[in-house]
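Heads up: the structure comes next, in structure tokens.
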Amino acid sequence: MSTAQRVDRIKPSPSTAAAQRVRELKAQGRQILDLTVGEPDFDTPDHVKAAAIEAIQRGDTKYTPVNGTAELRTAIAGRLRERHGLDYSGDRIAVGGGAKQIIFLALMATLDAGDEVVIPAPYWVSYPDMVLANDGTPVVVPCPEAEGFKLTPERLASALTDRTRWVVLNSPGNPTGAAYSPDELRALADVLLAHPHVQVLTDEIYDEIWYEPGQAHSLAAVEPRLAERVFLTNGVSKTYAMTGWRIGYGAGNTELVGAINKLQSQISSCPSSISQAAAAAALSGDQGFIRDSVAVYRGRRDAVVKLINDIPGLSCTPPSGGFYAFVNCSGVLGTRTPSGQEIGTDEDFAAYLLESRQVAVIHGAAYGSPGYFRISFATSNDVLTAACEGIARARANLS
Ligand code: PLP
């Protein structure tokens, strides 16, 4: 069988592949300290599960409108109003099987061959492949740690061309946890206002897992003149520990949302009715889960950042949001393992950690940033402490 070029152009998600590798090693009986996890280690809150069970019992087990139930779109609109003061009517909200699907559909709805999408690196692993799968051209813009891993107005301006359709802004970001301040967003907006053909896809999936004072900021709210050109994406996966329920959403102009719904009507008809009922309960019900889970993440974040920064040759900037730390390992490149193998790249270091100490991390090149690796702290303190000890020992054995 021959596959289409769009399939040959892309690779499987490296984070999914890493999770699969850990599962295989565990199945072989190996004890793995798994820091690859891209999802909360908490259970979905009980009142959310109860809403799903009620939906089943009520008979809400049929197709829903393509763009999601009115109940869920009202809950999404309410949340966006409450958090950011943004007003989205129901016809400006698309609901899909996870933020991932919504982002994919937005690209599918707008890209023609050769259209460019600006992606700041480090980036979430899926953006470039999603662009490639939809015939677009990813334009990766390296954003060094010295600049906070964030896109600057200068770098943005020099990446834009007549073919640019989208700029992707993921804040707080995966894998770095870096987040844009209102001033930084305004400075980017000044550049974007001068380029009316460019749209901005803001991926705000980690916005409620937040460690700084106040809250994470959204471009559409900071610069209302851009609101018609912003497609704001988010979902319930990370905030409410609901990755398996597969509900995400996007809010933007009616033309784009209509195009996404048209595609969805031919792809999946609608997201799961039961998951939509659960997501509506999560967004409009008691928000105590966020406060409690973020307090736990915060403790882990502080512990991990300290443990890593105590290891010679490794360092990491504290993330402002999300549950990942992006560790600079350039200081160990060029060293040798006890068996004489050279650690030439971040990938070599990640492989050495797995082999010698059973610590699974994801190498930075997967995120477009060699010389780093990503640690997830969506796991227990015991695993984190043992894993950081393992990394310290592995490092000490390099010469
Ligand atoms: N955006 C980013 C930056 C992510 O890290 C992820 C999940 O890992 C997603 C989007 C997708 O989330 P969802 O589960 O809603 O598809």
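The values are calculated or read from the model by the stated rules, or taken from the named source; none is laboratory data. This is a predicted model, so every value here is computed, not measured. For neighbour counting, all protein chains shown are included, and Cβ atoms are generated from backbone atoms with ideal geometry for every residue, glycine included. All accessible areas refer to the heavy atoms of the entire protein, side chains included, with ligands and DNA or RNA removed. Shrake-Rupley method; radii C 1.70, N 1.55, O 1.52, S 1.80 Å.
Which is the longest run of the chain containing none of the trypsin sites (Lys or Arg not before Pro) found in DSSP loop states (not H, G, I, E, B) with at most 11 other C-beta atoms within 10 Å? Numbers along the way, then the final one.
Details: sites that count: Arg30, Lys62.
Here the longest run is 63-399.
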Between 0 and 90 degrees, rounded to the nearest ten: what's the tilt of helix 254-267 against the longest Cα principal axis of the chain? 80
Rounded to a whole %, the carbon-and-sulfur portion of the accessible area of the chain at a 1.4 Å probe is 52
Using just the helices of the chain, give the 222 nm mean residue ellipticity in deg cm²/dmol: DSSP H runs with n ≥ 4 each add -39,500 (n - 2.57), and the total is spread over all residues, rounded to 500. -13000 deg cm²/dmol
Per-pair calculated FRET efficiency, R0 = 22 Å: Phe42 and Asp302 via Cβ, rounded to 0.05: 0.75
In segment 1-80, if the dipole is taken from +1 on Lys/Arg beta carbons and -1 on Asp/Glu beta carbons about the Cα centre, which of Ala18, Ala4, Leu72 is farthest to the positive end? Ala4
Taking Cα atoms, how many degrees apart are the long axis of helix 14-27 and the longest axis of the chain, rounded to 10 and kept between 0 and 90? 60
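With both bridge residues required to lie in the chain, what share of the DSSP beta bridges run antiparallel, to the nearest 5%? List each step's numbers first, then the result.
Numbers: 19 of 39 bridges.
Just about 50 percent of them are antiparallel.
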So what is the relative contact order of segment 46-284, in percent, for Cα pairs below 8 Å that sit 6 or more residues apart? 31
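Taking K and R as +1 and D and E as -1, what net charge do the other residues with C-beta under 13 Å from the C-beta of Asn134 add up to? Can you show the working numbers first?
Working: positive: Arg6, Arg9, Arg165; negative: Asp112, Asp115, Glu116, Asp129, Asp135.
Once all neighbours under 13 Å are counted, the net charge is -2.
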Using Cα pairs closer than 8 Å and at least 6 residues apart in sequence, work out the relative contact order for the chain, in percent. 23
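To the nearest 20 Debye, how big is the dipole of segment 174-300 about its Cα centre, given +1 on the beta carbon of each Lys and Arg and -1 on that of each Asp and Glu? Show your work: numbers first, answer last.
Working: 9 positive and 13 negative charges, 73 e Å.
Using Cβ point charges on Lys, Arg, Asp and Glu, segment 174-300 gives about 340 debye.
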What's the magnitude of the charge dipole for the chain around its Cα centre, counting Lys and Arg as +1 and Asp and Glu as -1 at the beta-carbon? Answer in Debye, nearest 20. 580
What's the FRET efficiency of Lys62 with Asp91 using the Cβ-Cβ distance as r and R₀ = 30 Å, to the nearest 0.05? 0.85
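What FRET efficiency comes out for the pair Lys11/Ile267, r = Cβ-Cβ distance, R0 = 25 Å, nearest 0.05? Please report the intermediate quantities before stating the final value.
Values: r = 22 Å, r/R0 = 0.88.
With a Förster radius of 25 Å, E is 0.70.
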Output the 0 to 90 degree angle, nearest 10, between the alpha-carbon long axis of helix 381-396 and the longest principal axis computed from the alpha carbons of the chain. 40
Mean accessible surface per residue for segment 66-147, computed with a 1.4 Å probe while every protein chain stays in place, in Å²: 34
Just grab the label-to-label distance for Ser380 and Glu147, each label 7 Å out from Cα along the Cβ direction, in nm (one decimal). 4.2
Distance (nanometres) between label positions extended 7 Å along Cα→Cβ at Arg225 and Gln28: 5.9
Taking amide hydrogens as modeled 1.01 Å from N in the peptide plane, which residues meet the under 5 Å criterion relative to Thr137, leaving out close sequence neighbours? Gly114, Asp115, Glu116, Val117
Would you mind calculating the relative contact order of segment 89-146 from Cα pairs under 8 angstrom and at least 6 residues apart, reporting the percent as a whole number? 34
Any idea of the accessible area per residue across segment 218-269, 1.4 Å probe, to the nearest Å²? 35
Just subtract the alpha-carbon distance of Asp112 and Glu342 from 0.36 nm times their residue separation and send over the number in nm, one decimal. 78.4 nm
